[in-house]
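Visitor: The structure's right below; bear with me while I get my questions together.
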Amino acid sequence: MIKAGIIGATGYAGGELVRILLSHKDVKICWYGSRNYIDQKYSDIYQNLFEIVDDVCLDDNMEELAEKVDVIFTATPQGYCSRVMNEDILSKAKVIDLSADFRIKDVDVYEEWYQLKHPCPSYIKEAVYGLPELYRDKIKGARIIANPGCYPTCSILSVYPLVREGMIDMNTVIIDAKSGTSGAGRGAKVDNLYCEVNENIKAYGVASHRHTPEIEEQLSGAAKKDVKINFTPHLVPMNRGILVTAYASLIKNVTEEEIRNVYRAYYKDETFVRVLNKDVCPQTKWVEGSNYVDVNIKVDDRTGRVIMMGAMDNLIKGAAGQAVQNMNLLFGNEETEGLLFVPMFP
């Protein structure tokens with residue numbers, strides 16, 4: 001039995017971690033960490049767990065937690081995990097960090113985009129980027145997993161096969177993405193109030209969103225050259241879900257079916273990436289509440305461009321589900337254990 005602890009258990013991603021791990025046959029949650037709710041019953045905060053979870057919330061003492069568990073999930077704001085990380089913790093427990101602290105390998109880039117001084121850059125090189133579809137073998141032997149961001153997960157999986165195959169002009173890549181409001185976290189913010197979000201859609205972080213360098217770094221690795229993209233996120237009035245629509249110019253004369261076959265070849269063994277049939281566009285409602293990512297492409301012969309599309313649940317494959325996928329790899333479980341739930345509809 002894997003003993004797990006969660007720091008940040010009362011945020012949206014932390015709550016999803018709890019929900020998923022409670023149904024995992026090989027996991028026992030030993031620590032519900034939340035600085036703001038210490039000594040309060042967890043089920044008083046998330047009443048959907050009434051008479052399911054009787055534990056109270058504990059603090060965020062990583063040193064003490066590492067003594068009691070095999071794996072620590074940190075669903076915390078940027079800067080927390082890197083601030084407390086040390087060799088003593090890593091000698092006792094695996095760490096899966098859902099923040100951006102260890103995702104970006106260039107510490108200068110991290111500090112520029114996040115406006116934070118990185119407190120322990122020595123662990124950045126060791127941390128493995130936790131996108132199983134790309135780094136499965138490296139994840140298995142890691143001590144620190146940098147769980148990817150939600151926008152990067154959907155963006156990378158939507159465009160990766162064509163980047164890797166050198167079929168698109170990387171100077172023309174534009175990624176347009178839309179997310180539900182849970183992507184902004186559970187903290188109170190004026191921009192996330194009902195009256196601000198309802199009946200509205202808006203772009204934000206234009207040419208400045210913090211997930212941009214994360215996407216660029218991963219696509220640069222795939223393309224084997226430095227990549228710069230335009231990435232524009234939008235907030236839409238729904239609870240959860242991400243839709244990515246990406247555009248690029250083709251540099252090879254290929255048909256739409258040939259491109260779709262490239263995607264099928266790349267993802268044929270990937271349980272959680274579903275390549276849709278011709279002319280079927282990904283929709284958030286068909287992946288909601290699941291760890292699946294639906295992808296598809298469309299070639300615009302008139303412009304010589306390809307449109308690459310993806311949809312997923314930002315709280316599951318974009319956060320908690322992917323973290324559990326990584327945990328399964330770390331401990332030798334079936335990668336899909338605890339994650340094969342069918343998308344919810346309606």
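Every number in this text was worked out from the coordinates using simple rules, so none of it is lab data. Here the structure is a predicted model, which means the values were calculated and not measured. Note that we place each Cβ from the backbone using ideal geometry, even for glycine, and neighbour counts take in every protein chain shown.
Visitor: Could you list log10 I(q)/I(0) for the range 89-185 at q = 0.10, 0.17, 0.20 Å⁻¹, which the Debye formula gives when each Cα is one point scatterer?
Guide: So the normalised log intensities work out to -0.34, -0.94, -1.18.
Visitor: May I ask you to compute the full-extension gain from Lys117 to Arg164, defined as 0.36 nm times their residue separation minus their alpha-carbon distance, rounded to one decimal in nm?
Guide: Full extension from Lys117 to Arg164 adds 13.6 nm.
Visitor: With θ taken as phi - 60° and the coefficients 6.51, -1.76 and 1.60, list the Karplus ³J(HN,Hα) couplings across the range 75-91 in order, rounded to whole Hz; mark glycine and proline as x.
Guide: 9, 10, x, 4, x, 6, 4, 5, 6, 9, 5, 7, 5, 4, 4, 6, 6
Visitor: At q = 0.08, 0.09, 0.14 Å⁻¹, what log₁₀ I(q)/I(0) does the chain have when each alpha carbon counts as one equal point scatterer in the Debye sum?
Guide: Once normalised to I(0) and log-transformed, intensities are -0.37, -0.47, -1.16.
Visitor: Hey, could you get me the Stokes-Einstein D for the range 129-178, Kirkwood radius over alpha-carbon pairs, 20 °C and 1.002 mPa s, rounded to whole µm² s⁻¹?
Guide: Stokes-Einstein gives a translational diffusion coefficient of 173 µm²/s.
Visitor: Right, something else. Return the calculated 222 nm mean residue ellipticity for the chain, to the nearest 500 deg cm²/dmol, obtained by summing -39500 (n - 2.57) across DSSP H runs with n ≥ 4 and dividing by the residue count.
Guide: Value at 222 nm, helices only, nearest 500: -8000 deg cm²/dmol.
Visitor: May I ask you to evaluate 6.51 cos²θ - 1.76 cosθ + 1.60, the Karplus curve with θ = phi - 60°, for each residue of the range 56-73 and list the ³J(HN,Hα) values in order in whole Hz, giving x for glycine and proline?
Guide: 9, 6, 10, 7, 10, 7, 5, 4, 5, 4, 4, 6, 10, 10, 9, 9, 10, 9
Visitor: So how do Tyr46, Tyr194, Tyr160 line up by other beta-carbon neighbours within 10 Å, fewest first?
Guide: The order, fewest Cβ neighbours first, is Tyr194, Tyr46, Tyr160.
Visitor: What Kirkwood hydrodynamic radius do you get for the range 151-314 when you take the inverse of the mean 1/r over all pairs of distinct Cα atoms, in Å?
Guide: 16.3
Visitor: What does DSSP give for the chain in terms of the percent of beta bridges that are antiparallel, rounded to the nearest 5?
Guide: Within the chain, antiparallel bridges account for around 45 percent of the total.
Visitor: What residue among Lys178, Lys202, Lys94 has the largest mean-square fluctuation in a Gaussian network model of the chain, using Cα springs under 10 Å?
Guide: Lys202
Visitor: Considering amide H positions built from the backbone, and no H for Pro or chain starts, which residues 5 or more places from Lys94, or on another chain, come under 5 Å of its amide H?
Guide: For Lys94, whose amide H was placed from the backbone, the distant partners under 5 Å are Val71, Ile72.
Visitor: Name the residue from Gly8, His234, Val262 whose Cα lies farthest towards the positive end of the charge dipole of the chain, charges +1 on Cβ of Lys and Arg and -1 on Cβ of Asp and Glu.
Guide: Of the listed residues, the answer is Val262.
Visitor: Cα atoms only: what Rg and Dmax, in Å, come out for the range 2-126?
Guide: Every Cα atom of the range 2-126 included, Rg and Dmax give 15.0, 47 Å.
Visitor: So what J values fall out for the range 128-142 if you push phi through Karplus, 6.51 cos²θ - 1.76 cosθ + 1.60 with θ = phi - 60°, rounded to Hz, Gly and Pro as x?
Guide: 9, 5, x, 9, x, 5, 10, 10, 3, 5, 5, 4, 4, x, 7
Visitor: Further question on the same structure: Would you calculate the separation in nanometres between label points at Ser23 and Arg83, each defined as 7 Å from the Cα along the Cα-to-beta-carbon direction?
Guide: Placing both labels 7 Å along Cα→Cβ, they lie 3.5 nm apart.
Visitor: With the dipole of the chain worked out from charges on the C-beta (+1 for Lys and Arg, -1 for Asp and Glu) around the Cα centre, which of His209, Gln47, Gly185 lies farthest toward the positive end?
Guide: With unit charges placed on the Cβ atoms, the residue in question is His209.
Visitor: Something else now. With no solvent and one point per C-alpha, what does the Debye sum give as log10 I(q)/I(0) for the range 1-71 at q = 0.13, 0.16, 0.18 Å⁻¹?
Guide: For the range 1-71 at q = 0.13, 0.16, 0.18 Å⁻¹, log10 I(q)/I(0) is -0.31, -0.48, -0.61.
Visitor: If I build a Gaussian network model for the chain, linking alpha-carbon pairs within less than 10 angstrom, which residue out of Val287, Val254, Val18 has the largest mean-square fluctuation?
Guide: Comparing Val287, Val254, Val18 in a Gaussian network model of the chain, the most mobile one is Val254.
Visitor: Arranged by the count of other C-beta atoms within 10 angstrom, fewest first, what order do His234, His118 take?
Guide: Listed from fewest to most nearby Cβ atoms, that is His234, His118.
Visitor: Which value, in debye to the nearest 20, describes the size of the charge dipole of the range 211-254 about its Cα centre when Lys and Arg Cβ atoms bear +1, Asp and Glu Cβ atoms bear -1, and nothing else is charged?
Guide: Approximately 180 debye in magnitude.
Visitor: Under a crude label model (7 Å from the Cα following the beta-carbon direction), how far is Arg136 from Ile52 in nanometres?
Guide: 3.0
Visitor: Obtain the nm distance between the two label points defined at Ala265 and Asp59 by a simple spin-label model: each point lies 7 Å from its Cα along the Cα-to-C-beta direction.
Guide: For Ala265 paired with Asp59, the spin-label model returns 5.6 nm.
Visitor: Another question, if that's okay. Given the Cα-Cα distance of Asp301 and Tyr204 and 0.36 nm per residue of separation, how much length would full extension add, in nm?
Guide: 31.8 nm
Visitor: Further question on the same structure: Scan around Tyr129 for amide H atoms under 5 Å from its own, H built in the peptide plane at 1.01 Å from N, and keep only partners 5 or more places away or cross-chain.
Guide: When sequence neighbours closer than 5 places are left aside, the close amide H contacts are Ala146.
Visitor: A further question on this structure: Roughly how many Å is it from the Cα centre of the range 157-220 to that of the range 268-346, as a whole number?
Guide: 16
Visitor: To the nearest 20 debye, what is the magnitude of the charge dipole of the chain about its Cα centre, counting +1 on the Cβ of each Lys and Arg and -1 on the Cβ of each Asp and Glu?
Guide: About 580 debye.
Visitor: Work out, step by step, the length gained on full extension between Thr255 and Lys225: first 0.36 nm times the residue separation, then minus their alpha carbon distance; give nm to one decimal.
Guide: Full-extension gain reported as 8.3 nm.
Visitor: First obtain the Kirkwood hydrodynamic radius of the range 109-246 from its Cα pairs, then insert it into the Stokes-Einstein equation at 10 °C and 1.306 mPa s, and state the resulting D in µm² per second as a whole number. The partial results should precede the final answer.
Guide: Values: Rh = 16.4 Å.
It comes out at roughly 97 µm²/s.
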